[in-house]
Amino acid sequence: MQSQNLFGINACLAKAGLTGLSGAATTFTTANALVYAIGGKAYAKAAVAGGASPVVDGVTGLPITLVANKGTVIVWALDAAGTVFAVQGSTEALLPSGNFMLAAPQFPSMPDTLTPFAYSITKAGATARRHLDVRRVELERHRHESRCAGRHRAAGAPANRVSD
C-alpha cells in the first residue's frame, strides 16, 4: 500500500453527532467535542448545545434559502477560531414523493480556511410556495428515461418495458 502524505490537510477527526435540525429549529447541537485540522494545524472545539444555526452561507455571504419542491445539501464547517459556518451546495428538484428528481445535490466547494464536520440534506416539500409544474417535470423525466432506454437498446441491451 502506498503511503499518503497528510501534511497540511483539513480534516475533522471526531464524529460530531449533529442533531436538532428538524422543522423550524433555529439551533443545533453536536453530541461530541471536535478535534480538527486546518492546513495541518490542530484545533479543538467543545460540544455545542443549542448553538444558533447559521442562516448565511459561509462562503458566498448570501442567505441560505430553499423554495418549494427543492432540496439542497448544507455542509457544516469550522474555521480556526472555532466559529461554525454552513455552506450550501446545489439546489435540485424534488418529485412529489420527496425523492430527488434526477440527481442528488452536489456538495459545495470549500475554501482552505474551513474544515467540514457534518452535512445535512434539507428538503422543502409542497407546503412551501408551489414552484414546479409536477406533471411537466414527470413528463420530462419519462422522456429522459425513454431516450436512455433507446440508447441501451441500440447498443444491444434488452429493451425494458415501461408501464404508465
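Please treat every number below as a calculation from the coordinates, not as lab data. What you see is a predicted model; the values in this text were computed from it and never measured. Heads up, the Cβs are rebuilt from the backbone with ideal geometry, glycines too, and the neighbour counts pull from every protein chain shown.
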Sum up the charges of everything whose Cβ sits under 13 Å from the Cβ of ALA11, counting Lys and Arg as +1 and Asp and Glu as -1, but leave ALA11 out. +1
Label zone at SER53, where the point sits 7 Å out along the Cα-to-Cβ direction: segment 81-109 residues whose backbone N lies under 15 Å: 85-89
Among SER109, SER90, which comes first, then next, by fewest other beta-carbon atoms within 10 Å? SER109, SER90
Neighbour-count ranking for LEU114, LEU13 (other C-beta within 10 angstrom, fewest to most) reads LEU13, LEU114
Could you please report the charge total around ASN32, scoring K, R as +1 and D, E as -1 over all other residues with beta-carbon less than 12 angstrom from its beta-carbon? +2
For ASN69, other-chain or 5+-apart residues with amide H closer than 5 Å (H placed, Pro excluded) are ALA124, GLY125, ALA126, ALA128
